[in-house]
1. Check whether at least one residue in the stretch B:103-112 is assigned to a strand (DSSP E or B), at pLDDT 95 or above and under 14 Å from the mean Cα position of the chain (by Cα), and report yes or no.
2. Quick check on residue A:126: is it free of Cβ contacts under 8 Å to residues at least 40 places away in the same chain and either in contact with a helix residue (DSSP H, G or I) (Cβ under 6 Å, 6 or more places away or on another chain) or buried (at least 23 other Cβ atoms within 10 Å of the Cβ) (or both)?
3. Which of the residues spanning the stretch A:83-99 are buried (at least 24 other Cβ atoms within 10 Å of the Cβ) and away from chain B (no Cβ under 14 Å)?
4. Just the residues that are within 13 Å of another protein chain (Cβ to nearest Cβ) and buried (at least 23 other Cβ atoms within 10 Å of the Cβ), please, taken from the stretch A:73-82.
5. With respect to residue B:224, determine if the residue is away from chain A (no Cβ under 14 Å) and without any contact (Cβ under 8 Å) to a residue 40 or more places away in the chain.
6. Kindly provide the set of residues from the stretch A:103-119 that are buried (at least 22 other Cβ atoms within 10 Å of the Cβ) and over 15 Å from residue A:173 (Cα atoms), ordered by number.
7. Output the number of residues of the stretch A:15-26 satisfying the condition of being within 14 Å of chain B (Cβ to nearest Cβ) and either buried (at least 22 other Cβ atoms within 10 Å of the Cβ) or free of Cβ contacts under 8 Å to residues at least 24 places away in the same chain (or both).
8. Here's a check for you: in the stretch A:27-69, which residue that is in a loop (DSSP other than H, G, I, E, B) and more than 14 Å from chain B (Cβ to nearest Cβ) is surrounded by the fewest Cβ atoms within 10 Å (Cβ to Cβ)?
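The values are calculated or read from the model by the stated rules, or taken from the named source; none is laboratory data. Being a predicted model, the structure only gives us computed values, none of them experimental. Positions of Cβ are backbone-derived with ideal geometry, glycine not excepted, and every protein chain shown enters the neighbour counts.
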């Protein structure tokens with residue numbers, strides 16, 4: 001029997017419900033016997049907005065990342081709080097941490113960015129255990145497990161090509177990393193961006209910010225993921241999210257490459273940072 | 001009779017109601033005979049979210065700024081849209097523009113930042129005509145007119161000292177300028193920050209961003225203005241805005257200097273960028 005892949009789950013931002021963790025564990029046992037999950041108890045801690053205070057979240061992230069018996073770190077949930085973990089934790093990662101896969105999106109993009117900026121090559125943007133609670137969320141979680149377990153090629157965002165470096169971020173998360181030590185070098189990368197629950201004017205402002213950064217202007221192009229649950233803009237913004245990203249691409253000289261199959265939803269595909277490493281055949 | 005100060009008003013973001021402009025004109029005529037106001041018709045134009053399309057807002061801003069017969073440019077209202085004006089307009093300002101006073105806050109901080117970054121020395125953060133619609137808004141508008149008309153010393157934020165450089169910004173606006181060519185050099189400046197209508201977790205995230213920028217870490221310190229109309233945080237954030245700014249000051253090594261008398265309200269005091277130029281005795 002082949003060795004099962006050991007995945008440690010921590011929550012650097014908001015808290016994950018124990019019932020959600022149980023449902024993910026059951027789904028993994030049923031459909032993905034090649035993966036063994038360990039939900040760190042920190043996932044279920046609570047301190048104001050966060051899944052435990054900063055010290056607890058930093059400690060759990062370091063414990064799982066630096067433990068050579070885990071093959072992957074899976075972020076349990078986004079929400080908010082990764083930026084309070086990154087600064088203190090990233091400099092303390094060891095060689096075992098460097099060899100791991102890291103999977104998450106949304107707020108946890110702060111850590112994905114910081115890891116990638118530090119030269120980690122197993123970083124990927126994709127579904128998290130918390131997606132289990134979405135409509136059809138089992139498909140999202142199953143996709144993540146198939147990627148973690150055996151790099152299943154059909155889990156990847158369909159425009160991804162082995163010859164081209166790619167990254168994916170929530171817009172506001174990338175925006176809030178610009179000009180900080182966590183901003184990765186995205187030269188020649190296809191940059192995929194998605195958003196959720198932000199008004200159109202905020203999407204416009206965030207794209208102004210991202211595309212005005214001189215380093216970001218070195219990307220190969222931008223692909224627009226889904227912008228979902230957009231609150232009403234008062235007055236009506238008068239432009240769609242596609243028109244907005246096309247505007248800022250035109251202003252900044254960045255090629256607009258079309259849509260990306262990512263977003264805050266069950267269809268969210270996997271985007272490995274850099275050039276993808278997929279299963280053969 | 002002394003020459004009246006001519007103030008041109010444009011709206012680089014959202015639209016200003018004509019009734020508001022009329023009320024401001026009446027108040028100026030009554031209480032500030034040393035100031036003559038000209039509301040550019042662009043203030044009342046409408047194009048989706050904005051007070052006219054980008055071209056109209058750029059043209060009006062340049063027309064008033066580059067006209068030597070105006071002594072000051074007063075931004076009529078914030079809202080959103082200054083970032084769509086800045087890039088195209090700022091490089092086209094002439095010497096007449098360089099000698100003017102510019103007054104506004106909130107979204108128009110994008111232009112204040114860009115002007116200050118270009119070495120303009122008449123830039124100030126303070127009330128706008130749109131404040132007339134607030135409770136007690138006539139006091140805010142009157143304060144702005146007293147500053148524009150004769151640099152009245154009692155209009156200034158009380159901690160401002162002639163020996164110390166100061167700037168003021170809405171947090172999210174400064175955050176969205178970081179790492180762009182509009183980010184001014186704030187070395188040795190007291191940085192005053194205020195916010196409105198942002199949840200606590202967003203205030204926290206924005207302060208992470210601002211205080212993580214290496215150039216911002218060169219400020220003399222941060223003073224916290226008012227954070228008003230904060231929507232409910234779910235779950236409760238567990239920290240006040242003062243605790244949040246103290247946290248990020250501690251992490252970044254930036255001195256926390258206490259509160260600032262600025263905010264999205266009628267009490268909003270004037271903060272001239274750089275060292276203040278006030279009326280004598």
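1. Going through the stretch B:103-112, the residues assigned to a strand (DSSP E or B) turn out to be B:103-104.
Of the ones still in play, those that are also at pLDDT 95 or above are B:103-104.
Going one step further and asking which of them are under 14 Å from the mean Cα position of the chain (by Cα), we end up with B:103-104.
Looking through the stretch B:103-112, at least one residue is assigned to a strand (DSSP E or B), at pLDDT 95 or above and under 14 Å from the mean Cα position of the chain (by Cα).
2. Values: free of Cβ contacts under 8 Å to residues at least 40 places away in the same chain: no; either in contact with a helix residue (DSSP H, G or I) (Cβ under 6 Å, 6 or more places away or on another chain) or buried (at least 23 other Cβ atoms within 10 Å of the Cβ) (or both): yes.
So residue A:126 does not fit the description; no.
3. A:97
4. So in the stretch A:73-82, the residues within 13 Å of another protein chain (Cβ to nearest Cβ) come out as A:78-82.
Listed by number, the residues that qualify are A:78, A:80, A:81, A:82.
5. Details: away from chain A (no Cβ under 14 Å): yes; without any contact (Cβ under 8 Å) to a residue 40 or more places away in the chain: yes.
Yes; evaluated as a whole, the condition is true for this residue.
6. Of everything in the stretch A:103-119, just one residue is buried (at least 22 other Cβ atoms within 10 Å of the Cβ) and over 15 Å from residue A:173 (Cα atoms), namely A:103.
7. Taking the stretch A:15-26 first, the residues within 14 Å of chain B (Cβ to nearest Cβ) are A:15-17.
Retained after the next criterion (residues that are either buried (at least 22 other Cβ atoms within 10 Å of the Cβ) or free of Cβ contacts under 8 Å to residues at least 24 places away in the same chain (or both)): A:15-16.
Within the stretch A:15-26, residues that are within 14 Å of chain B (Cβ to nearest Cβ) and either buried (at least 22 other Cβ atoms within 10 Å of the Cβ) or free of Cβ contacts under 8 Å to residues at least 24 places away in the same chain (or both) number 2.
8. Initially, the stretch A:27-69 is screened for residues in a loop (DSSP other than H, G, I, E, B), giving A:32-34, A:40, A:45-46, A:48-49, A:51-53, A:66-69.
Those left that are additionally more than 14 Å from chain B (Cβ to nearest Cβ): A:32-34, A:40, A:66-69.
Values: A:32: 21, A:33: 12, A:34: 15, A:40: 23, A:66: 17, A:67: 16, A:68: 11, A:69: 9.
The selected residue is A:69.
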